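Okay, structure first, notes after.
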Amino acid sequence: DPNGKFTFSVDVGGRCGIAEYYAGGKIVIPHEIDYKAPDGTVTKGALVSKINVNMFKNVYNRFQVTSLVIPEGVTFIDGSSYIGCANLVSLTLPSTLRSIGSWAFSSADIHGELVFGINCSYIGNSAFANNNNIEAVYIYNPNCVIEDDAFVYSTNKSINDKITKEQRIKIYGV
């Protein structure tokens, strides 16, 4: 990254995973990355498809994050990616998202709605635990697996009618 805001990894297929962020405030994860491989080969436009575990190893940066936009193309958010981002108020998830790991957004302060598109098939244990300002949860895949306690200690005021009774129980506990 030319601004020194993040590090990333590249898999064998050329897809990128954001490994660590070194900034706060309003963060927009890039959709694609240009990079130079160790052999000198330059790749332009490698797609970002993953957010790696523990994005904010630096605790100071973790507390500075207020807004996060994850771009279309990202399919996986690893566990504990944004754990403890206590000032993260605004979160935009892509429709391409398939899986969110355990504790990914635990103890953030997300306000408003969470929308999980038809592609989302898994929400991990305590992924959104301790988020007391979530106003609504919309899950558009009736087969989405919601682990126990995915939304524990979170205040959810409304939910869409496309989820199953089992999913509703896992979100609300009733």
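The values are calculated or read from the model by the stated rules, or taken from the named source; none is laboratory data. This is a predicted model, so every value here is computed, not measured. All Cβ positions, even for glycine, are placed from backbone atoms using ideal geometry, and neighbour counts span all protein chains on display. To get the accessible areas, we keep the full protein, side chains included, count just its heavy atoms, and leave off ligands, DNA and RNA. Shrake-Rupley method; radii C 1.70, N 1.55, O 1.52, S 1.80 Å.
Could you identify the single residue in 22, 35, 82 that is among the aromatic types (Phe, Trp, Tyr), free of Cβ contacts under 8 Å to residues at least 40 places away in the same chain and open to solvent by less than 20 Å² (accessible area, probe 1.4 Å)?
Only one candidate qualifies: 82.
Just name the residue that is farthest from residue 86 (Cα to Cα) out of those in the range 102-115 that are at pLDDT below 90 and open to solvent by 50 Å² or more (accessible area, probe 1.4 Å).
Taking the candidates together, the pick is 115.
Looking at the structure I just gave you, is residue 118 among the β-branched types (Val, Ile, Thr) and modelled with pLDDT under 90?
Numbers: among the β-branched types (Val, Ile, Thr): yes; modelled with pLDDT under 90: no.
When the stated conditions are applied, residue 118 does not pass them.
Please go through the range 127-138 and pick out each residue that is in contact with a strand residue (DSSP E or B) (Cβ under 9 Å, 6 or more places away or on another chain) and closer than 20 Å to residue 78 by Cβ.
Listed by number, the residues that qualify are 127, 128, 131.
May I ask you to say which residue of 51, 77 is in contact with a Lys or Arg (Cβ under 9 Å, 6 or more places away or on another chain) and open to solvent by less than 20 Å² (accessible area, probe 1.4 Å)?
77
Counting just the residues of the range 15-24 that are in contact with a helix residue (DSSP H, G or I) (Cβ under 9 Å, 6 or more places away or on another chain) and part of a loop (DSSP other than H, G, I, E, B), which one comes out nearest to residue 87 (Cα to Cα)?
Residue satisfying both the conditions and the ranking: 24.
Inside the range 11-60, can you point out the residues that are in contact with a Phe, Trp or Tyr (Cβ under 6 Å, 6 or more places away or on another chain), at pLDDT below 85 and over 23 Å from residue 112 (Cβ atoms)?
Result: 19, 43.
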